[in-house]
């Protein structure tokens, strides 16, 4: 795993953050890492388990298995059988959920602090001895297909995003959607799932984060008792980033019944550990955070070319995508807004931001950082997220210092590098009438 | 990112109680809101402040009795349209200057309208609290509503209404709102519709502001790292000029006890769909109703939690949907009990039948004592989350005042919940779980769905464009 961000500036840990984050750390002999954070303010606890596996660990034929598997983790283990996990948790004053991304699979529980031991029992049971039955898998597969229908097949941004992934990436697993291709979801077998479990759900591939009304010492003793006997697993194979460099613009068109055209533009960014990742955070805030940000003010209010504009830039282990989405008015020309977007991006590369914009972005990054830490779930998640992407949760303490040191020169250089025309991928949705799509379906 | 969640019930309701609760349990530890200080500005605005750390942040919300139910009859959406325009220029600041003032320091400003209330929300780093409160004061007391901003907002709204037609879940919700409440002031989406918004003028907006946006009946709540004395003093500075001589007396919407399209099926045709959105609803109760606790506990077992009967029957047993939930939507003049879900086109009828059968079982037999205890423990265990952040504390303080829930609402919540008996659950189930046929809205591919729905009730098919 990568080490912490840029050494050059070497900022000090932020004192305000440090007082909030008095984290107790431990590693069990089986490799399970544990991070505990006491916060007695309210009698509730959040527990997160981060497994270092996501769609980037998949291969064609079983795309979507990380996510389907995430569902299977709720379907019964040795001690707590089918339906028991949620039932026991809820009836003890807790709730649970999970999500899968390209890089990680994350399970979380919020619960009354009374229920701590029960939750550790439930969580360690499924890490130790998950049981997968054909019947459960068959039923859960149908649930995931419905999820795909609602998120992608019947959702315009889902459709565009899926198409864009295949343009931005040619070789890297980021190419396919986290939820997987429909035929692959159909194809995943029980054996595939069991192998996945053995490989990626071993304690040495997981980190446990607990924040809330706990006594760290007693909690660690409980964790040793419940998780200590889970055997270590093999070391998962590293993921190869075989993505070739892009040699020119890539474009795709989607024809679909819709009221308006829309546009999604993607660029390949740096990996999370690269210093540029944080420079792009600053650029993202300056371009898209708030009504007064450049793109909202320029494209929506002044030029009135878009109804809304969104910039998505999220850190990933391997180089992630910087994605712009523009929602347009009925009858508008997507080429116009596309040109206007590129003009804004070129301006950043040429002139950078104003000093005030730069300071504003930094102020907002800092305020959002504190907001993120306002809840137990936010704190536990932040620790896990930074550890998974940057290699250590401590990076979180240094982040405000890194942001504060970012200069306009860095902004210009990053914009020039990452928004270069030959590196972009563009998906345009062009509306077709309902009837036309009907006949297309009929012919197919 | 993909996740596993249910279709989140629209409005949750949570908390816990004791009974045979374990020893010195967290659930029985008293839950208290931070101490509250009250003041009133010279212009008559009520202010409540609660100091709360440790983060150097402050949350505030200004809540007014000017929800979508106060929209003029032929101007549906005007409250929402107006509140969004408040930040687009005042007598002293342009829209850009307001954005810059708020956004430069890392504060945020948002607005929202529900059926009953209009709200403006600000969160800010604590050191900028006075400046942000001053901006908030300006927005409500002296907005300029520049003509070009009104026009731009109208154009954007119209484009948004058109684009919303491509979002199956949004259109289904709109159709459902109309099916439930018909001509009642709750019967339109809070954002209105294209045909009404198209007629909005600057004078409409300015009149709405004169008549509805004033200190009478309004409440400012401030929670976070700021002293109550500072809140009172700064509120006086910021809101002293907010004197509204033409403000109308805030009124409640007339109470409503039935749903408009009971027993009828509304099929919204969207031919490109591979999945149907389904909404089913009947009458519920108004906010603050004594049935709240029994009904909430019952609903957790029926369709509120992840282990509920609906989730089990629809998602776990049959794999029919990724999400299903039931909820009570309680407003000041009435409320609904509703189910929301979706499934592939071919199983549209099946999902409706399964949902209605589960509802009927609980209506006739209630839930088991064991289910009740589990629901009570679940809600009570998680209730403290309602007091975890400045925002959530501000939210519950505002609800207590605006809806008259009682000052001891938070402290007693878990005890009241624990006191619910199986018999009360049975009564609530019989009363609210569709004793009369519900209104059903389906959005999907009508050519395949219509024949499936035969026998459920009279069917009306409408195109999605009906809901622009």
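Which parts of segment A:108-145 would a label at residue A:24 reach, counting a residue when its backbone N lies under 20 Å from a point 7 Å out along Cα-to-Cβ?
Those under the cut-off are A:109-124.
Angle, helix A:408-418 long axis vs. longest principal axis of chain A, Cα atoms, 0 to 90°, nearest 10?
Between helix and principal axis, roughly 80 degrees.
Mind giving me the nanometre distance, one decimal, between the label points for residue A:224 and residue A:191, set 7 Å out from Cα along Cα→Cβ?
Rounded to a tenth, the inter-label distance reads 4.2 nm.
Could you work out, for segment B:145-218, what percent of all Cα-Cα pairs fall into each 5 Å distance bin, beginning at 0 Å and stopping at the bin that holds the largest distance?
It works out to 3, 14, 19, 20, 19, 15, 9, 1, 0, in whole percents.
In terms of the ratio Rg/(2.2 N^0.38 Å) built on C-alpha atoms, what value belongs to segment B:265-467? Each step should come with its number before you reach the end.
Working: Rg = 18.3 Å, N = 203, 2.2 N^0.38 = 16.6 Å.
The reported ratio for this selection is 1.11.
Segment A:345-377 to segment B:35-73: how many Å between their Cα centroids?
If we compute the Cα centre of each part, the gap is 28 Å.
Name the residues of segment A:241-277 whose amide N is less than 15 Å from a point 7 angstrom out from the Cα of residue A:404 along the C-beta direction?
none
Assuming R0 = 60 Å, what is the FRET efficiency of residue B:29 and residue A:247, from their Cβ-Cβ distance, to the nearest 0.05? The partial results should precede the final answer.
Numbers: r = 64 Å, r/R0 = 1.06.
Step by step, r from the Cβ atoms, then E = 0.40.
Compute the FRET efficiency between residue A:41 and residue B:408 as 1/(1 + (r/R0)^6), taking r as their Cβ-Cβ distance and R0 = 22 Å, and round to the nearest 0.05.
Numbers: r = 21 Å, r/R0 = 0.94.
The computed FRET efficiency comes out at 0.60.
Relative to the longest principal axis of the C-alpha atoms of chain B, give the angle of the C-alpha long axis of helix B:147-164, reported between 0 and 90° and rounded to the nearest 10°.
20 degrees
Which whole number of Å³ per residue matches the convex hull of the alpha-carbon atoms in chain A? Write down the numbers at each step before the final one.
Numbers: hull volume 68.9 nm³, N = 444.
Convex hull of Cα atoms, per residue: 155 Å³.
Over all distinct alpha-carbon pairs, what is the Kirkwood Rh of the protein assembly as shown in angstrom? Mind dumping the intermediate values first?
Working: mean 1/r = 0.0346 Å⁻¹.
The answer is 28.9 Å.
If you take every DSSP beta bridge whose two residues both sit in the protein assembly as shown, what share of them, in percent to the nearest 5, is antiparallel? Please report the intermediate quantities before stating the final value.
Values: 96 of 125 bridges.
Among the beta bridges of the protein assembly as shown, antiparallel pairing accounts for roughly 75 percent.
Return one number: the angle in degrees, 0 to 90 and rounded to the nearest 10, between the long axis of the Cα atoms of helix A:116-129 and the longest principal axis of the Cα atoms of chain A.
Roughly 80 degrees, rounded to the nearest 10.
Restricting things to Cα coordinates, could you compute the convex hull volume per residue of segment A:15-227 in Å³?
Details: hull volume 31.4 nm³, N = 213.
Convex hull volume per residue, Cα atoms: 148 Å³.
Kindly provide the Kirkwood hydrodynamic radius of chain B in Å, to one decimal, from all pairs of distinct alpha carbon atoms.
Details: mean 1/r = 0.0423 Å⁻¹.
Hydrodynamic radius (Kirkwood, Cα only) of chain B equals 23.7 Å.
Round to the nearest 0.05 the FRET efficiency obtained for residue B:245 and residue A:302 when R0 = 45 Å and r is the Cβ-Cβ distance.
Working: r = 37 Å, r/R0 = 0.82.
Efficiency, rounded to the nearest 0.05: 0.75.
Measuring from centroid to centroid over Cα atoms, what is the spacing of segment B:296-359 and segment B:433-458 in Å?
The two parts, judged by their Cα centres, are 15 Å apart.
What distance in nm lies between label points placed 7 Å from Cα along the C-beta direction at residue B:131 and residue B:207?
The modelled label-to-label distance comes out at 3.9 nm.
Could you tell me what fraction of 2.2 N^0.38 Å the Cα radius of gyration of segment B:30-239 comes to, as a two-decimal ratio?
On the way: Rg = 18.1 Å, N = 210, 2.2 N^0.38 = 16.8 Å.
Against the compact-globule rule of thumb, the ratio is 1.08.
On a C-alpha basis, how far is the centre of segment B:379-414 from the centre of segment A:150-193 in Å? Whole number, if you could?
Measuring centre to centre over Cα atoms gives 41 Å.
What is the spin-label model distance, in nm, from residue B:74 to residue B:91 if the labels are put 7 Å beyond Cα along the C-beta direction?
Placing both labels 7 Å along Cα→Cβ, they lie 3.2 nm apart.
No lab work stands behind these numbers, since they all come straight from the coordinates. Bear in mind that the values here come from a model prediction, so they are computed numbers and not experimental data. Backbone-built Cβ (ideal geometry, glycine too); neighbour counts: all protein chains shown.
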